[in-house]
Amino acid sequence: MNNTQTIKTLANQTNESFPTVEAILKSYENYCNENITRYSRKHLAAIVESITNEISLPEETCSKVMVHFFDLIKSEIKGKIFG
């Protein structure tokens, strides 16, 4: 799944706009570049806080998109391993 497909899928799943999801994922990418060892779901609170501070979207929106993002990644990995 490429970046555009990921954004479209998440926009569909979360009922958020393509630009909103794209901005959240870009901010997550920035977060990962600065926090190379703290990028996983177990750091969701810190990730969401960083995103909301960077792009001024509601915490609920950022959290919803990131939860769906991590679920999507998990299902993609399972599909490649067991598919």
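Pick from the stretch 43-83 the residues that are basic (Lys, Arg) and over 13 Å from the mean Cα position of the chain (by Cα): which of them is most open to solvent (accessible area, probe 1.4 Å)? Looking at residues that are basic (Lys, Arg) and over 13 Å from the mean Cα position of the chain (by Cα), I get Lys80. Could you please let me know if Glu29 is more than 22 Å from Asn2 (Cα to Cα) and open to solvent by 70 Å² or more (accessible area, probe 1.4 Å)? Criteria not met by Glu29.
Which members of the stretch 10-22 meet the condition of being in a helix (DSSP H, G or I) and open to solvent by 40 Å² or more (accessible area, probe 1.4 Å)? Result: Asn12, Gln13, Phe18, Pro19, Glu22.
Is the stretch 25-40 home to any residue that is of a type in the set (A, V, I, L, M) and at pLDDT 95 or above? Looking through the stretch 25-40, at least one residue is of a type in the set (A, V, I, L, M) and at pLDDT 95 or above.
The values are calculated or read from the model by the stated rules, or taken from the named source; none is laboratory data. Just so it is clear, the structure is predicted and the values come from calculations on it, not from any experiment. Note: accessible area is taken over every heavy atom of the protein model, side chains too, but ligands, DNA and RNA are not part of it. Shrake-Rupley method; radii C 1.70, N 1.55, O 1.52, S 1.80 Å.
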